[in-house]
1. Using only the Cα atoms of region A:436-533, what are the Rg and Dmax in Å?
2. Would you kindly calculate the mean projected area, averaged across all directions, of the convex hull enclosing the Cα atoms of chain B, in square nanometres?
3. Name all residues of region A:90-123 having a backbone nitrogen under 16 Å from the label point set 7 Å from the Cα of residue A:499 along its Cα→Cβ direction, giving them as ranges.
4. Please give the Cα centre distance for region B:407-456 versus region A:421-474, rounded to the nearest Å.
5. Just to verify a number: FRET efficiency for residue B:675 and residue B:573, C-beta to C-beta distance, R0 = 51 Å, to 0.05?
6. Using the alpha carbons of region B:747-833, what is the convex hull volume per residue in cubic angstrom, as a whole number?
7. So what is log10(I(q)/I(0)) for region B:723-771 at q = 0.24, 0.31 1/Å, when the Debye sum runs over its Cα atoms only?
8. Of the peptides B:904-912, B:202-210, how do they stack up when ordered by the mean number of other Cβ atoms within 10 Å, highest first?
């Protein structure tokens, strides 16, 4: 039986040798790859670039997997939570749902443990990490040098955009560029330092990005950098305590002169075919079939309900999720009252065509909100619609997912910023400012009947006009803070500060807290003033 | 086993003799002494019974007895721990009998990892359960046999689903987010025990009828030989085999059962509902017009009695003296109470155990196969049955949705957020799977001719599964109109593992130093892999394409390579030492972290072998055990086979991005942890085994303390560099300590009457001791325990200083009459404002795990009758009544989109209008006693001929439940969200008629 022994011995040797090597595996999943392979093709390189844009549009990679943890996958969408934090904290929106702490935003009672706040912060830094990874690798790509430079510039813009949102919402956050290492603990920077970083990046990018309107659909050009600089400067007093209104004038002028033009029809900026709109400078893409994002999909579905004929008004299936609506102070900015609506006419046409409100669609609506949890208390908003401009069904129709691109930057905003910067002493021309405002109002009214006179144009008017033009476009919290009205007791709306009539609240809430989980993971971070556990 | 057969033959022979002889004689007194064959000491308490009569006596303290019998009578002498004897009385008056100890029983051999050991020589905490102690009834999966039988092994009763799964936990869980399931080894093959799509419970592969023994390895000195997979204990299953030289035996086992729903969630009837809607909705003028005129009991429409049957045939024997075989076929047709749900399972088994080369080469071949047709029906219908408006009919002849009544929008399209008609949900869905699985191995056990103390064992095995499933929605179904692209769904899930073990064993008695040494050394290689393909499409093509059609493929694998060794050393057969060492390599980790070393040491002192106890008749075993060992955990889930590798993944077709006119697949870098490694659990165990009165009473007690370090836990990471906000990484520590007591014994032990009683007790305390990389007193931990209602609401927390899954809720405020005040909670922080807006106002409350648990069982045998029961007691397990929290709310009666929904009538207790998910009002003490089974049987020793025996039995499973819990059932079978009662698939009470025949 010696033979058997030898067989064992041989077997042993063979297996021993092979088994140890077996431990060095590489992923075998067909969807799995690595940086070398991805950047070895032009399509892969652009797919990696597309991910940088899509991080603001999409929740993940389409498998329902969590990209941002600690929150449900479809809640981890940037636009969805950015919208909630920018809108539900103001008079423009209030939420009826019971999802975790979602109601706290309108009540101004959020805490450092808040999961939605954590999701926004995490998503922004996820974008920072993605853009840095891209910048590190794009040099190895097979794409042409000019393409690679352009890709890298766009990545840097998207990083600067993420940091602008961070400056706006969180202030004091770590700056991490492409040299940041996986093993280092991030070091916190001051709000002023982050401001300076965004400013210097954008100024460099001014020359590196594509010429106005020369880039392909879905990608940004240098007008986006100008637009972002305008926003940075207009809010500089809030961010760094110093006046940069003249810089704001400079850059809004550049934007306005860049070749983008106002969409002739206001509503069309928010429709399924709005990629054709000449007004949109930077859009977050969506497509009912191929880019099933929970961003604009959420905005449309969450604001439908209460008997609204969803299919004909919003262009999607179902009866709505019945969650987000406005408090009465928003329609009242248009001079609209409860009596303007009836069950027979829940969607009246208003003189100001920007007033896209519905109410009393099934006769159970209340103008004033007693129960925050009841969707039919408050006023419905149907600004975004998944129908095409001509009322036809969206090209890539899906009852669940919309094809509306979200206009992150659009020309009208530059018009209003110019006017405001002028009124705040940034220079420019008063007549030009008035002209811009009336351009927008003429579009809204269809004629000059809504135009204002020079005497009407003042800073208080701007606060209201910005809401009339830009409501539900995730601007309102930033605007209210700039006007000093976010937390103050002299500017109220229903359920502000967690009382029905509205109340002021502590000023430290003009910044959101750095998520508690980040303080846990990195004890060197210091919480924003005022937030205690 | 040979021994038993021999005894049986003798018994049979004597019995025949008695019948044939039929001798009559004068009654005469026979007396004598019964003594131990080895040491000659008298044995007290021996039953001496005249066969076929009730005439009997018991031996006295000295072992003496005296009985009056007629000549030719047969005396049966029996005592626990000794071989039963039958003696035919002749004319003598003096009868001295020596009884042999039952070697089979005392020298019981148990399987341990890579070998076997005598039970008396074990140094670790090992419990073996064999067929006669198994639970009875219509059991479809192996773990049900073991439920409640072993201290510290918590096996939850399966759900009502056919072939439903149940959770197994040995001594609590040693991990938080990694797998807490024990390693299961079937005939030497560690199997894939994780969720296999299309498979309610992967363990149903093994037909319970084919199982010979379960061996549960609980402490690290027993499990550490399995190294990186042993932290949650090991269950070794061996299946039945034929015996050398055995005659052909055929056995049939059949069962017919009916499962009956016991309890429904209390909801309003149609008439009550009409009243409630009129009185309790905010605006009845909008709600009441939606009411219908029916009185439909939706729950009764979807749940019904379920009749099932089960048939098993086994053939065993031996071809010649050296080729024992056993072949078995089983067929189970199990229906679930949920309409349309069923499982049709066919199992095959073949065991060949030839012995070659003068018994030097033992070959063991085991092949098991299973084919299952599952119809899962749609469990979602249960929740819908609870909520669907009881005033509406099931059918509506005007409905374009297959004739089912449906909530619609004003334009006639389905109201997608309205409740789906539960009958439509079931009837218009096809949710089925076909699963094939096979497990097999070939073991060559060669004892060297030139060195008989040495043997080499080679074991090659495989586990293979292929599952094909369909989840189709009828094209007419209202609930399928929303996402037509997923109305035709199919999946294929295939995979398994291959195994190669090789080890050498050397065993030698060293008489000169009164020692015995047994050394084992070997290695093991195992490759796990699986592939999952999911396809979806709409029924119809649009412009020649299936819009939204998608196919996703997931493929993954991992390898484990290990070297292991064990030394057993025994001195004077009193002092036993076991040391093991395993070096495990896992492909899941990066170089530098791939290898882990897992040592253990166990020591046992057989005090009964000491001279001062050796002659004791009272104490026949007294063994003190102490062990220490380190085990690991590397199983972090299906998608985590490459946690240490930087990789990119491409998006699916519905997650592309448009540049210009071209869609791009998104390439995303994956989060990874280059430093990830094993979880390490260190266990200390001290135990004492006692056997009294010739094994008539057995007891053991164990105390253990387990510490898990480098806990694999998903923790927040500093965002901005990695590609996630939380990452599974080695951080944190966890402790489990506990005590386990087992007791078993014969209260009565006579030939015609015996009563066996067994009980076990286990108490485990779990505490998280570290959770973050840096100590942070402000870190409250992370929420777990997702509930139904709202989105992503969690009511438990993993927090330092508390057990895992501690309930974390607001303290409800009550009014003077003791009624809860909606939305009012105790302001713990005193900060005022919205109390429920601040998590720091939540309280750390109880946990879903019991303070202690007990299993009790008993069996009574009287002549041909037997009777047994088995039950479990859990005390102090808390349950969140999610059914009430999410359904006992007036706000749900009417939805703004235009539909009505039924609610739980327990709303009358809380009177809550809006959802209050996180109030402790819904937290209840879920202590319970469940009588898992009560069974009665009758054995027919002789049917038509002596060669045929049979058995009839009647069993009630889930016979009764004693609890103060207000919901349906406080035993929650959900490993992910323990203690959260959202399951409305009630466990049936099952009546089982069994028939067994052997020839």
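No value in this document is a laboratory result; all are computed from the given coordinates. This is a predicted model, so every value here is computed, not measured. When we count neighbours, we look across all protein chains shown, and the Cβ atoms used for this are built from the backbone with ideal geometry, even at glycine.
1. My reading of the Cα-based Rg and Dmax gives 18.6, 59 Å.
2. Numbers: hull surface 195.7 nm².
Mean shadow area of the hull around the Cα atoms is 48.9 nm².
3. A:107-109
4. Cα centres, region B:407-456 to region A:421-474: 64 Å.
5. Working: r = 48 Å, r/R0 = 0.94.
Using R0 = 51 Å, I get an efficiency of 0.60.
6. Values: hull volume 23.7 nm³, N = 87.
Cα convex hull per residue, to the nearest whole number: 272 Å³.
7. -0.91, -1.07
8. Per-residue Cβ counts within 10 Å, averaged per peptide and sorted highest first, yield B:202-210, B:904-912.
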